[in-house]
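Worksheet: the structure to be examined is printed underneath.
Every number in this text was worked out from the coordinates using simple rules, so none of it is lab data. None of these values were measured; they are calculated from a predicted model. Here the Cβ positions follow ideal geometry from the backbone for every residue, glycine too, while neighbour counts run over all protein chains shown.
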Amino acid sequence: MANRLAGKVAVITGGNSGIGEGTAHLFAQEGAKVVIMARRDDQGKAVEASIRQAGGEATFIACDVGDEAAVNAAVEKAVGTYGGIDILFNNAGGGGRENFPNESSEEFSRVINVNLNGTLYVSQAVWPHMIKAGGGAVVNMSSVAATRGTSPKMHAKFGSTSASYWAAKAGVDAMTRYMAGIGGADKIRVNGVRPGQIMTPGATRGTLTDADGGHHAFEGMFELMQMLEGPGYPLDVANLVLFLVSDESRFITSQIINIDGGTPVKI
């Protein structure tokens, strides 16, 4: 089925690489006008150019989602460019290098700000435009870290992302359910996705175990837990996000869907 997003305007935060980049391309292929919001100008402009060269429509707007004023300005620019907003993918986020019990308050606050506050800031800015449009669809980026635990042996052997990242993503899950409850009256659906082992630049940066980038520090832990072999890829997540923002999922809201190869250690 083609043109599932024809006539729609979609905002994707963190659309400069990885899952966000893959989703931006897929949305454009399905007919959406895509607004890419990210901090890295060179990468964002490259994604914009690539989509346009393929015949799609895209605009890059530089934005730090952790800066509320910058978010408000970026959303207004997006509306000024395309006239409204129908779809939001709150994809921007990331972890930290420090961890409990030695994670500094500054690092903890930074990670919370990008992942959780950023989701709030962009959603608040976009919300009135979705109401004006008569409805919309929001997908928030969570993680399997929001629901699973780790044993002392697992932590000692494989390590983990920062405690702040786990806390932030659990907050995103709760915010997703809350937003869905508010949005129903205005025909705004809100869902989330919880990726597991997805091969992105962010997942492998600084943790590569071989030169080709096909492995990362947490691979052994995921392979031990997963029901399916191997990693997932950005397009796997992008396909799920596309479904959740399309009319095919018109009766789905307040759901957070795991896309993790079947990781059983979760709620």
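Name the trypsin sites (Lys or Arg not before Pro) in the range 74-146 that are in a loop by DSSP and that have at most 15 other C-beta atoms within 10 Å, would you?
Values: sites: Lys77, Arg97, Arg110, Lys132; in loops: Arg97.
Here the sparse-neighbourhood loop sites are Arg97.
Using 0.36 nm per residue of separation minus the Cα-Cα distance, give me the extension gain between Leu224 and Asp67 in nm, one decimal.
Result: 52.7 nm gained on full extension.
Measure off 7 Å from each Cα along the Cα-to-Cβ vector at Asp247 and Asp41, then give the distance between these two points in nanometres to one decimal.
It is 4.1 nm.
For the chain, what is the relative contact order in percent, using Cα pairs closer than 8 Å and at least 6 residues apart in sequence? Walk me through the numbers on the way to the answer.
Numbers: 538 pairs, mean separation 52.5, N = 267.
Reported as a whole number, the value is 20 percent.
Starting from the Cα of Lys187, draw a straight line to each of the aspartates and glutamates and keep only those under 14 Å, dropping any in the same chain fewer than 8 residues away.
Filter leaves Asp86, Asp247.
Helix 68-82 versus the longest principal axis of the chain: what is the Cα-based angle in degrees, 0 to 90, to the nearest 10?
The angle comes out near 40 degrees.
Positive end of the dipole of the chain, charges at C-beta (+1 Lys, Arg; -1 Asp, Glu), about the Cα centre: which of Gly196, Met175, Ile51 has its Cα farthest in that direction?
Met175
Given the Cα-Cα distance of Lys77 and Ala49 and 0.36 nm per residue of separation, how much length would full extension add, in nm? Can you show the working numbers first?
Values: separation 28, 0.36 × 28 = 10.08 nm, distance 1.85 nm.
That works out to 8.2 nm of additional length.
Based solely on its DSSP helices, what 222 nm [θ] is calculated for the chain when runs of n ≥ 4 H residues each add -39,500 (n - 2.57) and the sum is averaged over all residues, nearest 500 deg cm²/dmol? If you can, show how the numbers build up before the last one.
Working: 10 runs with 115 residues, N = 267.
It lands at -13000 deg cm²/dmol.
For Ser151 and Asn239, calculate 0.36 nm times their separation in residues minus their Cα-Cα distance, and state this gained length in nm to one decimal. Walk me through the intermediate numbers first.
Working: separation 88, 0.36 × 88 = 31.68 nm, distance 3.22 nm.
Extra length available between Ser151 and Asn239 comes to 28.5 nm.
When Glu107, Glu76 are ordered from fewest to most other Cβ atoms inside 10 Å of their Cβ, what list results?
Glu76, Glu107
On C-alpha positions alone, give me the angle between the axis of helix 18-29 and the longest principal axis of the chain, in degrees, nearest 10.
30 degrees
Given a cut-off of 24 Å, name the pairs among Lys45/Lys169; Lys33/Lys77; Lys8/Lys169 whose C-alpha atoms lie farther apart than that in the structure shown. Numbers along the way, then the final one.
Values: Lys45/Lys169 28 Å; Lys33/Lys77 14 Å; Lys8/Lys169 28 Å.
In this structure, Lys45/Lys169; Lys8/Lys169 lie more than 24 Å apart at Cα.
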